[in-house]
1. Quick test of your reading of the structure: Gly329 fulfils all but one of (1) open to solvent by less than 10 Å² (accessible area, probe 1.4 Å); (2) touching a strand residue (DSSP E or B) at 6+ places or on another chain (Cβ under 7 Å). Name the failing condition by number.
2. Starting from the range 75-103, take each residue that is free of Cβ contacts under 8 Å to residues at least 12 places away in the same chain and list its partners that are away from the ligand (no atom under 11 Å from the Cβ) and open to solvent by 30 Å² or more (accessible area, probe 1.4 Å), counting only C-beta distances under 7 angstrom and pairs at least six apart or across chains.
3. Give me the residue from the range 78-94 that is more than 12 Å from the ligand (Cβ to nearest atom) and under 26 Å from the mean Cα position of the chain (by Cα) and, out of that set, least open to solvent (accessible area, probe 1.4 Å).
4. Are any residues in the range 1-31 of a type in the set (Lys, Arg) and modelled with pLDDT of 85 or more, and if so, which ones?
5. Can Arg388 be described as at pLDDT below 80 and either within 30 Å of Glu277 (Cβ to Cβ) or of a type in the set (Lys, Arg) (or both)?
6. Working only within the range 151-201, note down all residues that are within 24 Å of Pro325 (Cβ to Cβ), without any contact (Cβ under 8 Å) to a residue 40 or more places away in the chain and within 14 Å of the ligand (Cβ to nearest atom).
7. Within the range 157-187, which residues are farther than 25 Å from Gly62 by Cβ and at pLDDT below 85?
Amino acid sequence: MQTIVTTVYNKNEEEEKKIILREYRALLRALKQRLKKGDKDMLRRAFEISVDAHRDMRRKSGEPYILHPLAVARIVVEEIGLGVTSAICALLHDVVEDTEITLEDITREFGEDFSKIIDGLTKISNVVDLKAETTIQAENFRKILLTLADDPRVILIKLGDRLHNMRTLESMSREKQLKISSETTYIYSPLAHRLGLYEIKSELEDLALKYTQPEVYMEIAKGLKETKRDRTKYINEFIKPVKDELQSLDFDFDIYGRPKAIHSIWNKMRTKHVAFEEVYDLFAIRIILNSPQDKEKEDCWKVYSVITNFYKPSPERLRDWVSVPKGNGYEALHTTVMGPGGRWVEVQIRSARMNEIAEKGLAAHWKYKEGAANPQESKLDSWLQHLRDILSNPDTDTIDFLQDFKLDLFTEEIYIYTPKGDMRVLPKGATAIDFAFDIHSELGARCIGAKVNYRLVPISHVLKSGDQVELITSSKQKPSEDWLGFVITAKAKSRIKYYLKEEKRKIGEDGKATLQRKLSHMGSGITHHNLNELCHFFKKPSPLDLYYAIAVGNIDLKELKDFTVHGDKIHQPIKEVKLPEQKTHVTHEEHKHKPAKGAELIIFGESSDQIKYKLAQCCQPIPGDDVFGFVTSGEGLKVHRTDCPNAAQLLANYGHRVVKTKWAKNKEISFLSGVRIIGLDDVGVIQKITNVISGELKMNMRSISIETHDGVFDGTIMVYVHDRDELDDLCEKLVALDGINKVERLEAPEV
Ligand code: MN
């Protein structure tokens with residue numbers, strides 16, 4: 001049981017002033033060593049502007065709003081390790097968006113550097129917050145990444161902002177909690193991970209879990225609390241001999257056990273299908289060495305050998321990110337050893353410098369940049385460059401890109417060498433062709449094979465860490481569709497898709513000309529309406545696919561003879577199998593001619609105005625489905641299911657055209673919907689099906705078509721239902737019949 005504590009906010013102005021000043025002083029203290037001449041005045045100025053701008057605003061909890069930018073500034077300085085510029089921007093991060101203050105004001109007051117960062121922050125939040133109802137994660141993510149490529153500080157401050165929002169999510173509505181939490185899991189924690197901010201990543205994940213799956217979270221938190229004493233005892237027992245030995249060897253170090261994040265325990269329970277009690281490695285032992293930079297690697301290995309003298313290591317669990325750091329700069333030695341009582345214990349060994357990088361990621365790199373030439377810096381730069389490369393590809397489909405990119409964010413890395421000995425970092429599972437695209441997109445497009453460690457391999461060859469790869473190219477080579485089956489990096493995928501699309505477009509030109517001729521014979525032409533009609537008839541997702549299919553002869557334009565022509569509009573022939581027992585019935589289609597009545601079915605946004613709309617052909621929504629309205633560019637409002645195959649694409653790219661939509665109660669009108677049935681071809685099975693539909697459920701069938709071969713039948717039934725519940729009921733009843741294996745709703749029923 002979760003207890004809900006509601007604290008009533010009741011502080012007076014005096015008390016509030018005190019709290020605000022206390023927070024501001026804490027920020028000053030955190031920055032102390034970094035304040036240069038003039039910095040303090042600027043910071044003070046930013047603080048005053050922010051206080052003044054937000055003076056009439058309060059947070060949902062009742063607190064003065066200014067406490068939020070102050071908290072973000074402290075996170076940015078204390079937990080991410082950024083400096084004065086970022087602190088100032090954090091203080092001002094919400095003023096342009098939420099108050100009278102403009103970007104010009106900021107430029108005048110602080111200069112171009114500051115207003116650029118604040119502009120970036122405003123742009124991100126514009127997308128995220130203002131269109132809260134129609135948020136489009138994919139497009140957000142892309143915007144965020146674009147800003148990241150511009151100035152990483154924007155993202156770091158945004159992460160601080162998000163962290164504070166997550167920490168104070170309690171006072172938000174349930175709906176907001178869910179929305180913000182899922183966005184956090186989707187966008188922000190992968191980014192924190194990629195930027196090497198492990199502490200923040202874990203906290204974000206834990207908080208998101210707390211709000212999305214409160215029971216799970218509470219259960220694990222409770223489990224951790226209950227096992228705390230045992231754990232502490234075990235950790236002490238484990239540490240004791242190691243600590244004594246390291247002290248006698250004169251190491252300057254800290255050693256401690258650290259419980260794993262709730263989210264990562266949950267992951268383990270889920271992926272390994274085990275209960276909390278069965279998750280053994282609930283903690284990791286961490287050893288932080290205060291060694292000078294020139295001796296740190298050597299010392300890490302010395303400590304490793306001390307540990308493995310006491311405890312037997314699992315050979316396949318040694319991770320050496322000391323010799324070759326991760327792509328995000330993470331450095332450490334990880335090993336898993338057999339502790340007392342036969343329990344596996346993970347031990348992480350790193351220097352204080354490495355530890356700071358582990359906690360503060362990117363920001364820590366900047367700090368150490370000034371020191372010795374740091375190879376990590378360039379690696380991070382090359383990652384940002386890589387990001388810019390992908391993002392600059394104008395044809396990248398946002399959704400695809402996102403999927404691919406998210407995979408990139410999380411996979412393990414391998415290290416591949418060029419013939420000259422330069423190292424590239426690629427995700428695990430990358431092939432020779434991924435490597436080629438990583439180096440240069442032209443090289444990827446022309447690659448016909450590779451020599452891996454002097455041995456000839458095909459382009460689909462999966463690389464291993466440490467491989468040296470020499471690429472073989474040919475000017476005649478062209479990317480082909482099947483390459484998409486084995487490349488795994490976002491860059492290779494998006495480039496290949498781009499080439500293929502270009503290729504298709506070129507070929508499609510011919511198809512378009514053919515179609516143009518054909519249509520003008522019919523007294524018509526290529527219009528938006530006609531293309532829609534044709535794409536639907538020939539089942540092609542886009543005009544480009546239609547042109548292409550015509551050009552390569554996959555479509556027979558002779559079929560156009562069955563079309564009817566009205567003016568310049570062509571209409572596809574109507575195909576249907578009428579069942580003899582078909583009753584007359586009021587259908588939604590008939591209601592289309594009476595828009596007033598039809599409009600009562602659906603409520604758009606908050607308004608109760610009646611708006612004309614159409615139900616999308618691609619997903620044929622019925623009452624009870626989650627739906628959204630989409631403003632098309634010529635056909636008015638269309639209503640799609642949120643799980644429509646086109647939904648993600650529409651939401652991602654045209655979020656501004658989406659209208660919140662829900663069904664009104666109406667039992668008088670029925671909707672055409674389709675189910676697909678797969679089962680064994682048994683005599684009488686059709687009888688059984690029609691008995692259920694017409695007899696038991698008294699539904700009206702419009703058509704039924706069944707194909708059988710090799711004793712298996714595959715049927716499609718079009719039926720009129722009132723709502724989702726009826727359809728679900730039908731599916732349940734059908735699947736329960738003998739001989740029927742599978743019943744599913746049709747994605748795009750044929751009309
Ligand atoms: Mn904010």
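1. Just one mismatch for Gly329, condition (2).
2. If the second residue must be away from the ligand (no atom under 11 Å from the Cβ) and open to solvent by 30 Å² or more (accessible area, probe 1.4 Å), the pairs left are Thr102/Val96.
3. Of all residues in the range 78-94, those more than 12 Å from the ligand (Cβ to nearest atom) come to 78-88.
The next check asks that each one be under 26 Å from the mean Cα position of the chain (by Cα); those that pass are 79-80.
Numbers: Glu79: 61, Ile80: 0 Å².
So, considering only residues that are more than 12 Å from the ligand (Cβ to nearest atom) and under 26 Å from the mean Cα position of the chain (by Cα), the one least open to solvent (accessible area, probe 1.4 Å) is Ile80.
4. Step one: list which residues in the range 1-31 are of a type in the set (Lys, Arg), which gives 11, 17-18, 22, 25, 29.
Across the range 1-31, the qualifying residues are Lys17, Lys18, Arg22, Arg25, Arg29.
5. yes
6. Pass one, the range 151-201, residues within 24 Å of Pro325 (Cβ to Cβ): 151-153, 155-156, 159, 188-201.
Filter again for without any contact (Cβ under 8 Å) to a residue 40 or more places away in the chain, leaving 151, 188-189, 201.
Correct list: Tyr188 only.
7. Residues satisfying the conditions are Ser182, Thr185, Tyr186, Ile187.
Table: residues versus (1) within 16 Å of the ligand (Cβ to nearest atom); (2) within 33 Å of the chain's Cα centre (by Cα); (3) over 30 Å from Tyr198 (Cα atoms); (4) not in a loop (DSSP other than H, G, I, E, B).
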{"residue": "Glu16", "(1), (2), (3), (4)": "no, no, yes, yes"}
{"residue": "Arg22", "(1), (2), (3), (4)": "no, no, no, yes"}
{"residue": "Lys36", "(1), (2), (3), (4)": "no, no, no, no"}
{"residue": "Phe47", "(1), (2), (3), (4)": "yes, no, no, yes"}
{"residue": "Val51", "(1), (2), (3), (4)": "yes, no, yes, yes"}
{"residue": "Val76", "(1), (2), (3), (4)": "yes, yes, no, yes"}
{"residue": "Val96", "(1), (2), (3), (4)": "yes, yes, yes, yes"}
{"residue": "Asp105", "(1), (2), (3), (4)": "no, no, yes, yes"}
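The values are calculated or read from the model by the stated rules, or taken from the named source; none is laboratory data. All figures in this text were calculated on a predicted structure; none of them were measured in a lab. Neighbour counts run over all protein chains shown; Cβ positions are idealised from the backbone, glycine included. Surface areas here come from the heavy atoms of the whole protein model, side chains and all, with no ligands, DNA or RNA. Shrake-Rupley method; radii C 1.70, N 1.55, O 1.52, S 1.80 Å.
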